[in-house]
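Presented below is the structure to which this report refers.
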Amino acid sequence: MRGLRQLARRFLSNVPENTVYGGPKPQSPSQRVTLANLRQKHARGEPISMVTAYDYPSAVHVDQAGIDICLVGDSAAMVVHGHDTTLPVTLDLMLSHCQAVARGATRPLLVGDLPFGSYESSSNQAVDSAVRVLKEGGMDAIKLEGGAPSRISAAGAIVEAGIAVMGHVGLTPQAISVLGGFRPQGKNISSAVKVVETALALQEAGCFSVVLECVPAPVAAAATSALQIPTIGIGAGPFCSGQVLVYHDLLGMLQHPHHAKVTPKFCKQYARVGDVINKALLEYKQEVESKTFPGSSHTPYKIAAKDVDGFLKELQRLGLNDAATAAAEAAANIESASKQSSGSG
(Lines give C-alpha, C1' and ligand atoms only; values in the text may rest on other atoms or scores of the structure.)
Protein backbone atom coordinates (compact mmCIF):
# COMPACT_ATOMS: atom_id res chain seq x y z
CA MET A 1 0.00 0.00 0.00
CA ARG A 2 2.81 2.41 0.93
CA GLY A 3 4.48 1.60 -2.40
CA LEU A 4 1.29 2.54 -4.25
CA ARG A 5 1.10 5.89 -2.41
CA GLN A 6 4.74 6.67 -3.28
CA LEU A 7 4.09 5.74 -6.92
CA ALA A 8 1.00 7.98 -7.00
CA ARG A 9 2.90 10.91 -5.49
CA ARG A 10 5.65 10.45 -8.06
CA PHE A 11 3.23 10.61 -11.00
CA LEU A 12 1.15 13.43 -9.52
CA SER A 13 4.16 15.63 -8.68
CA ASN A 14 5.02 18.41 -11.12
CA VAL A 15 8.65 18.40 -9.91
CA PRO A 16 10.99 16.31 -12.10
CA GLU A 17 12.49 13.32 -10.32
CA ASN A 18 16.09 14.39 -10.85
CA THR A 19 15.73 17.91 -9.48
CA VAL A 20 15.38 19.62 -6.13
CA TYR A 21 12.72 22.37 -5.91
CA GLY A 22 12.33 22.16 -9.66
CA GLY A 23 16.05 22.66 -10.32
CA PRO A 24 17.57 25.13 -12.78
CA LYS A 25 15.84 25.59 -16.10
CA PRO A 26 17.70 24.62 -19.27
CA GLN A 27 20.33 27.21 -20.10
CA SER A 28 19.74 29.49 -23.06
CA PRO A 29 22.10 32.12 -24.51
CA SER A 30 20.09 34.88 -22.80
CA GLN A 31 20.41 33.36 -19.32
CA ARG A 32 23.20 33.55 -16.76
CA VAL A 33 26.33 31.53 -17.44
CA THR A 34 26.84 29.03 -14.62
CA LEU A 35 29.75 26.98 -13.35
CA ALA A 36 28.12 23.98 -15.04
CA ASN A 37 28.24 25.80 -18.38
CA LEU A 38 31.93 26.61 -17.88
CA ARG A 39 32.73 23.01 -16.97
CA GLN A 40 30.94 21.86 -20.11
CA LYS A 41 32.89 24.31 -22.28
CA HIS A 42 36.13 23.22 -20.66
CA ALA A 43 35.31 19.54 -21.19
CA ARG A 44 34.62 20.24 -24.87
CA GLY A 45 37.88 22.16 -25.21
CA GLU A 46 36.09 25.42 -26.01
CA PRO A 47 38.00 28.55 -24.91
CA ILE A 48 36.47 30.67 -22.13
CA SER A 49 36.31 34.46 -22.50
CA MET A 50 36.61 36.82 -19.51
CA VAL A 51 36.73 40.62 -19.36
CA THR A 52 36.92 43.00 -16.43
CA ALA A 53 34.23 45.59 -15.83
CA TYR A 54 33.95 48.17 -13.09
CA ASP A 55 30.68 50.02 -13.71
CA TYR A 56 27.23 49.77 -15.29
CA PRO A 57 28.12 50.90 -18.86
CA SER A 58 31.10 48.56 -19.20
CA ALA A 59 29.02 45.70 -17.75
CA VAL A 60 26.32 46.29 -20.38
CA HIS A 61 28.94 46.13 -23.14
CA VAL A 62 30.45 42.92 -21.76
CA ASP A 63 26.96 41.46 -21.46
CA GLN A 64 25.95 42.33 -25.01
CA ALA A 65 29.17 40.85 -26.41
CA GLY A 66 28.29 37.46 -24.91
CA ILE A 67 31.46 37.23 -22.79
CA ASP A 68 31.45 34.15 -20.52
CA ILE A 69 32.82 35.68 -17.31
CA CYS A 70 32.77 39.29 -16.10
CA LEU A 71 35.40 40.01 -13.45
CA VAL A 72 34.97 43.01 -11.18
CA GLY A 73 38.69 43.33 -10.51
CA ASP A 74 40.50 45.18 -7.77
CA SER A 75 42.37 46.71 -10.71
CA ALA A 76 39.57 49.29 -10.40
CA ALA A 77 41.97 50.96 -7.95
CA MET A 78 44.27 51.74 -10.87
CA VAL A 79 41.96 51.92 -13.87
CA VAL A 80 39.08 53.87 -12.30
CA HIS A 81 40.57 55.56 -9.24
CA GLY A 82 44.02 56.46 -10.54
CA HIS A 83 46.20 54.66 -7.99
CA ASP A 84 49.56 53.17 -8.95
CA THR A 85 48.71 49.79 -7.40
CA THR A 86 45.65 47.74 -6.49
CA LEU A 87 46.37 47.98 -2.77
CA PRO A 88 44.33 51.08 -1.79
CA VAL A 89 40.92 49.74 -2.89
CA THR A 90 38.67 48.69 0.02
CA LEU A 91 36.02 46.02 0.30
CA ASP A 92 33.28 48.65 0.57
CA LEU A 93 34.51 50.31 -2.62
CA MET A 94 34.67 46.95 -4.38
CA LEU A 95 31.10 46.24 -3.30
CA SER A 96 29.97 49.48 -4.93
CA HIS A 97 31.62 48.46 -8.20
CA CYS A 98 30.14 44.96 -7.95
CA GLN A 99 26.63 46.34 -7.45
CA ALA A 100 26.92 48.57 -10.52
CA VAL A 101 28.21 45.70 -12.67
CA ALA A 102 25.49 43.35 -11.41
CA ARG A 103 22.88 45.84 -12.60
CA GLY A 104 24.38 45.92 -16.09
CA ALA A 105 25.39 42.31 -16.79
CA THR A 106 22.67 39.67 -16.73
CA ARG A 107 24.35 36.91 -18.75
CA PRO A 108 28.02 36.34 -17.79
CA LEU A 109 29.15 34.64 -14.61
CA LEU A 110 30.00 37.51 -12.25
CA VAL A 111 33.21 37.22 -10.23
CA GLY A 112 34.21 39.80 -7.63
CA ASP A 113 37.78 40.30 -6.44
CA LEU A 114 38.54 40.18 -2.73
CA PRO A 115 40.76 43.25 -2.24
CA PHE A 116 43.96 43.36 -0.24
CA GLY A 117 43.26 43.32 3.50
CA SER A 118 39.87 41.64 3.26
CA TYR A 119 40.85 37.97 3.61
CA GLU A 120 44.43 37.55 4.85
CA SER A 121 43.88 37.71 8.62
CA SER A 122 41.88 34.53 9.05
CA SER A 123 39.57 32.10 7.32
CA ASN A 124 36.66 33.69 9.18
CA GLN A 125 37.55 37.10 7.76
CA ALA A 126 37.83 35.58 4.29
CA VAL A 127 34.43 33.90 4.51
CA ASP A 128 32.79 37.04 5.90
CA SER A 129 34.20 39.14 3.05
CA ALA A 130 33.20 36.58 0.43
CA VAL A 131 29.66 36.43 1.80
CA ARG A 132 29.38 40.22 1.48
CA VAL A 133 30.57 40.10 -2.15
CA LEU A 134 27.74 37.69 -2.99
CA LYS A 135 24.97 39.08 -0.77
CA GLU A 136 25.67 42.80 -1.11
CA GLY A 137 27.64 42.89 -4.35
CA GLY A 138 25.41 40.56 -6.35
CA MET A 139 28.29 38.40 -7.56
CA ASP A 140 28.17 34.69 -8.40
CA ALA A 141 31.70 33.92 -7.22
CA ILE A 142 34.84 35.52 -5.77
CA LYS A 143 38.49 35.64 -6.79
CA LEU A 144 41.47 35.79 -4.49
CA GLU A 145 45.19 36.08 -5.16
CA GLY A 146 48.21 34.04 -4.24
CA GLY A 147 49.19 30.64 -3.02
CA ALA A 148 50.57 31.15 0.49
CA PRO A 149 49.27 28.50 2.92
CA SER A 150 46.98 31.04 4.61
CA ARG A 151 45.44 31.97 1.27
CA ILE A 152 45.00 28.35 0.26
CA SER A 153 43.23 27.82 3.59
CA ALA A 154 41.10 30.90 2.98
CA ALA A 155 40.09 29.57 -0.44
CA GLY A 156 39.14 26.23 1.09
CA ALA A 157 37.11 27.86 3.86
CA ILE A 158 35.20 30.00 1.36
CA VAL A 159 34.43 26.95 -0.79
CA GLU A 160 33.27 25.08 2.32
CA ALA A 161 30.94 27.99 3.01
CA GLY A 162 29.26 27.30 -0.32
CA ILE A 163 30.88 30.05 -2.37
CA ALA A 164 32.62 29.46 -5.70
CA VAL A 165 36.26 30.60 -5.76
CA MET A 166 38.58 31.51 -8.62
CA GLY A 167 42.29 31.39 -7.77
CA HIS A 168 45.05 33.63 -9.13
CA VAL A 169 48.76 32.78 -9.45
CA GLY A 170 51.81 34.12 -11.24
CA LEU A 171 52.02 37.90 -11.05
CA THR A 172 49.74 38.73 -8.14
CA PRO A 173 49.44 42.55 -7.97
CA GLN A 174 48.48 42.54 -4.29
CA ALA A 175 51.92 41.09 -3.49
CA ILE A 176 54.04 43.69 -5.29
CA SER A 177 55.83 44.65 -2.08
CA VAL A 178 57.17 41.07 -1.95
CA LEU A 179 57.59 40.61 -5.70
CA GLY A 180 59.41 43.94 -6.03
CA GLY A 181 56.98 45.42 -8.52
CA PHE A 182 54.85 44.22 -11.41
CA ARG A 183 57.23 41.46 -12.48
CA PRO A 184 56.46 38.31 -14.51
CA GLN A 185 56.76 35.03 -12.64
CA GLY A 186 57.84 31.51 -13.60
CA LYS A 187 60.96 32.64 -15.48
CA ASN A 188 63.30 30.20 -13.73
CA ILE A 189 62.94 26.56 -12.71
CA SER A 190 61.92 27.06 -9.08
CA SER A 191 59.52 29.88 -9.90
CA ALA A 192 57.94 27.91 -12.77
CA VAL A 193 57.43 24.84 -10.57
CA LYS A 194 55.94 27.05 -7.86
CA VAL A 195 53.34 28.38 -10.31
CA VAL A 196 52.23 24.86 -11.18
CA GLU A 197 52.26 23.66 -7.56
CA THR A 198 50.30 26.68 -6.37
CA ALA A 199 47.70 26.18 -9.09
CA LEU A 200 47.34 22.54 -8.05
CA ALA A 201 46.96 23.55 -4.39
CA LEU A 202 44.19 25.98 -5.30
CA GLN A 203 42.45 23.23 -7.26
CA GLU A 204 42.76 20.95 -4.23
CA ALA A 205 41.22 23.70 -2.09
CA GLY A 206 38.15 23.59 -4.34
CA CYS A 207 38.69 26.49 -6.76
CA PHE A 208 36.67 26.18 -9.98
CA SER A 209 39.28 28.02 -12.07
CA VAL A 210 42.70 29.66 -11.79
CA VAL A 211 43.96 32.87 -13.39
CA LEU A 212 47.56 32.64 -14.65
CA GLU A 213 49.06 36.13 -14.95
CA CYS A 214 52.31 37.08 -16.65
CA VAL A 215 54.00 33.69 -16.84
CA PRO A 216 55.86 32.11 -19.80
CA ALA A 217 53.69 30.12 -22.19
CA PRO A 218 55.33 26.73 -21.41
CA VAL A 219 54.62 27.27 -17.69
CA ALA A 220 51.00 28.14 -18.42
CA ALA A 221 50.71 25.10 -20.70
CA ALA A 222 52.10 22.85 -17.96
CA ALA A 223 49.68 24.23 -15.37
CA THR A 224 46.76 23.88 -17.77
CA SER A 225 47.68 20.28 -18.48
CA ALA A 226 48.18 19.43 -14.81
CA LEU A 227 44.86 20.89 -13.71
CA GLN A 228 41.39 19.47 -14.18
CA ILE A 229 39.85 22.94 -13.86
CA PRO A 230 40.08 25.78 -16.42
CA THR A 231 42.99 28.19 -16.48
CA ILE A 232 42.38 31.78 -17.54
CA GLY A 233 45.45 33.48 -18.95
CA ILE A 234 46.49 37.12 -18.94
CA GLY A 235 49.92 37.61 -20.42
CA ALA A 236 50.38 33.83 -20.24
CA GLY A 237 50.20 32.82 -23.90
CA PRO A 238 47.69 30.84 -25.97
CA PHE A 239 47.74 27.51 -24.13
CA CYS A 240 45.32 28.35 -21.31
CA SER A 241 41.67 27.29 -21.17
CA GLY A 242 40.59 30.89 -21.64
CA GLN A 243 41.75 34.50 -21.64
CA VAL A 244 41.03 37.69 -19.70
CA LEU A 245 41.86 41.30 -20.47
CA VAL A 246 41.10 44.59 -18.76
CA TYR A 247 38.18 46.34 -20.46
CA HIS A 248 40.00 49.67 -20.79
CA ASP A 249 43.20 48.04 -22.09
CA LEU A 250 41.61 46.01 -24.88
CA LEU A 251 39.57 49.03 -25.98
CA GLY A 252 42.63 51.29 -26.05
CA MET A 253 40.78 53.66 -23.72
CA LEU A 254 43.60 54.82 -21.47
CA GLN A 255 47.06 54.01 -20.18
CA HIS A 256 47.86 53.07 -16.60
CA PRO A 257 50.52 54.96 -14.60
CA HIS A 258 52.31 51.73 -13.68
CA HIS A 259 52.70 50.84 -17.35
CA ALA A 260 54.68 54.03 -18.01
CA LYS A 261 51.91 55.36 -20.23
CA VAL A 262 51.82 52.36 -22.55
CA THR A 263 49.50 49.40 -22.92
CA PRO A 264 50.79 46.21 -21.26
CA LYS A 265 53.01 44.13 -23.56
CA PHE A 266 50.57 41.22 -23.46
CA CYS A 267 47.51 43.28 -24.39
CA LYS A 268 46.08 43.47 -27.88
CA GLN A 269 44.18 46.69 -28.53
CA TYR A 270 41.00 45.84 -30.40
CA ALA A 271 40.13 49.52 -30.76
CA ARG A 272 41.50 52.95 -29.97
CA VAL A 273 38.48 54.23 -28.13
CA GLY A 274 40.61 56.72 -26.22
CA ASP A 275 41.44 58.53 -29.47
CA VAL A 276 37.75 58.70 -30.37
CA ILE A 277 36.91 60.08 -26.91
CA ASN A 278 39.66 62.71 -27.09
CA LYS A 279 38.56 63.80 -30.57
CA ALA A 280 34.92 64.05 -29.46
CA LEU A 281 35.78 66.11 -26.36
CA LEU A 282 37.98 68.46 -28.40
CA GLU A 283 35.22 68.92 -30.98
CA TYR A 284 32.70 69.60 -28.20
CA LYS A 285 35.01 72.21 -26.63
CA GLN A 286 35.49 73.93 -29.99
CA GLU A 287 31.75 74.05 -30.69
CA VAL A 288 31.03 75.47 -27.24
CA GLU A 289 33.65 78.17 -27.72
CA SER A 290 32.39 79.02 -31.21
CA LYS A 291 28.77 78.93 -29.97
CA THR A 292 27.74 76.46 -32.67
CA PHE A 293 26.54 74.07 -29.96
CA PRO A 294 23.78 73.87 -29.00
CA GLY A 295 22.07 74.68 -32.28
CA SER A 296 18.35 74.61 -32.97
CA SER A 297 18.28 70.82 -33.30
CA HIS A 298 19.64 70.49 -29.76
CA THR A 299 17.37 73.13 -28.28
CA PRO A 300 14.17 71.08 -28.22
CA TYR A 301 12.04 72.75 -25.57
CA LYS A 302 9.70 75.41 -26.95
CA ILE A 303 7.48 78.10 -25.51
CA ALA A 304 4.50 79.29 -27.53
CA ALA A 305 4.71 82.77 -29.09
CA LYS A 306 1.74 84.04 -27.07
CA ASP A 307 3.37 82.80 -23.90
CA VAL A 308 6.62 84.53 -24.87
CA ASP A 309 4.72 87.84 -25.08
CA GLY A 310 3.13 87.26 -21.70
CA PHE A 311 6.50 86.26 -20.22
CA LEU A 312 8.14 89.44 -21.54
CA LYS A 313 5.39 91.61 -20.08
CA GLU A 314 5.71 89.89 -16.72
CA LEU A 315 9.48 90.45 -16.71
CA GLN A 316 8.97 94.12 -17.53
CA ARG A 317 6.39 94.40 -14.76
CA LEU A 318 9.01 93.07 -12.37
CA GLY A 319 11.46 95.70 -13.58
CA LEU A 320 13.66 93.12 -15.32
CA ASN A 321 13.91 94.97 -18.62
CA ASP A 322 17.32 93.59 -19.59
CA ALA A 323 16.06 90.08 -18.91
CA ALA A 324 13.01 90.77 -21.09
CA THR A 325 15.25 92.01 -23.91
CA ALA A 326 17.48 88.93 -23.62
CA ALA A 327 14.46 86.62 -23.71
CA ALA A 328 12.99 88.39 -26.74
CA GLU A 329 16.29 88.21 -28.64
CA ALA A 330 16.67 84.51 -27.76
CA ALA A 331 13.13 83.73 -28.94
CA ALA A 332 13.74 85.56 -32.23
CA ASN A 333 17.10 83.86 -32.71
CA ILE A 334 15.70 80.36 -32.08
CA GLU A 335 12.76 81.02 -34.39
CA SER A 336 15.08 82.21 -37.17
CA ALA A 337 17.42 79.25 -36.72
CA SER A 338 14.50 76.81 -36.82
CA LYS A 339 13.22 78.32 -40.06
CA GLN A 340 16.68 78.13 -41.64
CA SER A 341 17.06 74.54 -40.51
CA SER A 342 13.70 73.48 -41.88
CA GLY A 343 14.34 75.41 -45.08
CA SER A 344 17.68 73.74 -45.70
CA GLY A 345 16.12 70.34 -44.95
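Observations, loosely collected:
- Residue satisfying all of: in segment 47-65; in contact with a Pro (Cβ under 8 Å, 6 or more places away or on another chain) and in a helix (DSSP H, G or I); most open to solvent (accessible area, probe 1.4 Å) among these: Asp63
- Where a residue in segment 307-322 is surrounded by 14 or more Cβ atoms within 10 Å (Cβ to Cβ) and its partner, wherever it lies, is in a loop (DSSP other than H, G, I, E, B), with Cβ under 9 Å and at least six apart: Phe311/Ile303
- Hits in segment 238-285 (condition: closer than 28 Å to Ser209 by Cα and modelled with pLDDT under 80): His256, His258, His259, Thr263, Pro264, Lys265
- Considering residues of segment 284-306 that are among the hydrophobic types (A, V, I, L, M, F, W, C) and open to solvent by 70 Å² or more (accessible area, probe 1.4 Å) only, the residue farthest from the chain's Cα centre (by Cα): Ala305
- In the set (1) assigned to a helix (DSSP H, G or I); (2) of a type in the set (A, V, I, L, M); (3) closer than 19 Å to Gly170 by Cα, Val127 fails one condition alone, (3).
- Residue in segment 164-178 that is modelled with pLDDT of 90 or more, surrounded by fewer than 23 Cβ atoms within 10 Å (Cβ to Cβ) and closer than 24 Å to Val101 by Cα present: yes
- Of the residues making up segment 202-226, those that are open to solvent by 10 Å² or more (accessible area, probe 1.4 Å), within 25 Å of Ala157 (Cα to Cα) and out of contact with any Cys (no Cβ under 8 Å at 6 or more places or on another chain) are Gln203, Glu204, Ala205, Gly206, Phe208, Glu213, Ala226.
- Single unsatisfied condition, Leu114 versus (1) in contact (Cβ under 8 Å) with a residue 60 or more places away in the chain; (2) open to solvent by less than 20 Å² (accessible area, probe 1.4 Å); (3) of a type outside the set (Phe, Trp, Tyr): (1)
- Within segment 69-105, tally of residues that are buried (at least 22 other Cβ atoms within 10 Å of the Cβ) and not in a helix (DSSP H, G or I): 10
- Glu314 being over 30 Å from Asp249 (Cβ atoms), modelled with pLDDT of 90 or more and acidic (Asp, Glu): yes
- Flag for Thr86 being among the hydroxyl-bearing types (Ser, Thr, Tyr) and modelled with pLDDT of 95 or more: no
- Segment 85-96 residues that are touching a residue at least 12 places away in the same chain (Cβ under 8 Å), paired with ones that are open to solvent by 30 Å² or more (accessible area, probe 1.4 Å) and of a type in the set (Lys, Arg) (beta carbon under 8 Å, 6 or more apart): Leu91/Arg132; Leu95/Arg132
- Filtered by the rule that a residue be modelled with pLDDT of 95 or more and in contact with a strand residue (DSSP E or B) (Cβ under 7 Å, 6 or more places away or on another chain), segment 204-219 gives Gly206, Cys207, Phe208, Ser209, Val210, Val211, Leu212.
- Residue within segment 251-268 that is over 30 Å from Ala43 (Cα atoms), surrounded by fewer than 11 Cβ atoms within 10 Å (Cβ to Cβ) and small (Gly, Ala, Ser) present: yes
The values are calculated or read from the model by the stated rules, or taken from the named source; none is laboratory data. Everything numeric in this text was worked out from a predicted model, so none of it was measured. As a convention, Cβ positions derive from the backbone with ideal geometry for all residues, glycine included, and neighbour counts pool all protein chains shown. Side chains are part of the model used for accessible areas, which takes the heavy atoms of the whole protein and leaves out ligands, DNA and RNA. Shrake-Rupley method; radii C 1.70, N 1.55, O 1.52, S 1.80 Å.
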